1. Six or more apart or on different chains, Cβ atoms under 6 Å: show the pairs whose first residue is in segment 250-279 and closer than 21 Å to Asp494 by Cα and whose second is in a helix (DSSP H, G or I) and among the hydroxyl-bearing types (Ser, Thr, Tyr).
2. Among residues belonging to segment 110-124 that are in contact with a Pro (Cβ under 9 Å, 6 or more places away or on another chain) and within 18 Å of Leu188 (Cβ to Cβ), point out the one that is surrounded by the most Cβ atoms within 10 Å (Cβ to Cβ).
3. Among what's in segment 394-413 and is surrounded by fewer than 20 Cβ atoms within 10 Å (Cβ to Cβ) and either touching a Cys at 6+ places or on another chain (Cβ under 9 Å) or not aromatic (Phe, Trp, Tyr) (or both), pick the residue that is farthest from Asp430 (Cα to Cα).
4. Taking Thr258, is it among the β-branched types (Val, Ile, Thr) and out of contact with any strand residue (DSSP E or B) (no Cβ under 9 Å at 6 or more places or on another chain)?
5. When you go through Lys172, Lys198 one by one, which is the residue that is of a type in the set (Lys, Arg) and assigned to a loop (DSSP other than H, G, I, E, B)?
6. Checking the conditions here, which among Asn417, Asn411 is farther than 19 Å from Glu321 by Cβ and not hydrophobic (A, V, I, L, M, F, W, C)?
7. So for segment 340-354 (the condition being more than 26 Å from Phe242 (Cβ to Cβ), within 18 Å of the chain's Cα centre (by Cα) and small (Gly, Ala, Ser)), does at least one residue qualify?
8. Please find, among Pro352, Pro327, the residue that is modelled with pLDDT of 95 or more, touching a Phe, Trp or Tyr at 6+ places or on another chain (Cβ under 8 Å) and crowded, with 16+ Cβ neighbours inside 10 Å.
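The values are calculated or read from the model by the stated rules, or taken from the named source; none is laboratory data. Nothing here was measured: the structure is a model prediction, and the numbers come from that model. So basically every Cβ, Gly included, is an ideal-geometry build from the backbone, and we count neighbours across all protein chains shown.
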Amino acid sequence: MKNYIIKSLILATIFSLSSCATSHSQKKEVKKPNILFIFSDDQRADAYGASGNGYISTPNIDKLAETGTRFKNTYVMGGNQGAICAPSRAMLMSGKSLFHVYEKLKGVTTMPMYFKRYGYESFGTGKWHNEPSAFEASFDKGKNVMTMGMTDYFSAPVRDLDANGKLTKPVKKGFTTDIFADSAIDYLNNYAKEGTEKPFFCYVAFNAPHDPRSPREDYIGMYKEEAIPLPGNFKGWHPFKFDNMNIRDETLGPWPRTPELIRESLADYYALISHMDNRIGDIIQTLKDQNLFDNTIIVFASDNGLGLGSHGLLGKQNLYEHSTKVPLIISGPGITKNEKSDALLYLFDIFPTLSDLCELPKPTTTDGQTFAPLLKGKEMETRKSLYTVYRNTVRAVRTDEWKLIKYPNQNYQQLFNLKKDSIEINNLADKPEYKAKIAELSNLMEDWYKTTDDTANMSPEKILPMEYDYTKLKQVPDKKQPKYTLDKYFKGVDLKKVKKTNH
């Protein structure tokens, strides 16, 4: 009996030790999910196949939507300057709203910096339109980083993060879509080879499809211009003045905008996106080849939209849906597949959401709201409205159905029913039956104005005219336009007057 008891105790001890060892081993094997963040530049929310656009080929982005969740109402909050991408990226990286960060990231805790704090290795490539020092503080590794707003695709000045964590002097290379994709692929291959225990945060910021609209040679002509429909809200020029109507983005084509110009622009714009989509497919295939795919959360988003003929505008310096709404798709382990959400989101909500998905402590310095439960197929309370801004000249608020845009300097407003008029062509603001709706949305806008620490004067003493003569606007290219773009879009323009700009 005594021997039986001793043997039982020995077996129990062995079993216990074995269980502890197994448990410890299992804990060691559990690795937080990796993050692959793919960010495009100036891509409209309707400029990929899964959004319902049947005129563009984006099979890899569409596949992400099939294997993940697509958000149909994601917005950039706006900008304090014409280069919307700079504040947009600052908001994305900081998780802060516009009036709490503007475009300055120096001294701010960024998303990759936060993930580094909790054991992630961070890598970045591509466009970085904020302070170079903020990139150096945010990333462990960096390759082919473009520290500027735009460039000639064929000759981009790019920099690497050296062994001391400092960016090297720029070296010109091209084509940017390929350079950035190859840099990400090289990083993932090296990561797998090194066998590091750390999960990765890999940020790939393409500058496509930002202008110049100059696809790689083998993508030119991919889309037949005559087969591409005009936007439903196409106009030859914007019907009233609300800011600088000759701002840099608007100078990329003459006035009035013609159907031919817009179709040509869309054909090249779509070609840039399809090229980028092809390289996104290569990056994702690398994840699969290196057995990293199953434990990687993939985010695809863009910094802002674009006019491209909508409302007579070419740029993003306005608050119409085509310029403020952006694509957002998230897929990966545990994320609901082939799901679509109407939730009203900001880009700066992504920071706290990814932190939540990766079970990191909740960031305390962000303004964004996590929407992680939606990605897990759960119901949650989300925003009932959104507020967008452009400089001190335009303000907008939208709900699930209604949108009010105010132009305080012109004492003018537009009211749209987005459920019936998603392309914003039927202004209801002057109709008496909508007076109560305008009052309701105006009160909502005032609440947002206060809670966001907005600084605009919404009741200026001097009211500016809305009329302007579009024939006096000048089309002037900048030095980032390659020969293909100059020959195609700037016929008859005196190229001796080329502007020097880094926008």
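1. Trp255/Tyr470
2. Gly124
3. Out of the qualifying residues, it is Asp400.
4. yes
5. The match here is Lys198.
6. Only one candidate qualifies: Asn411.
7. yes
8. Pro327
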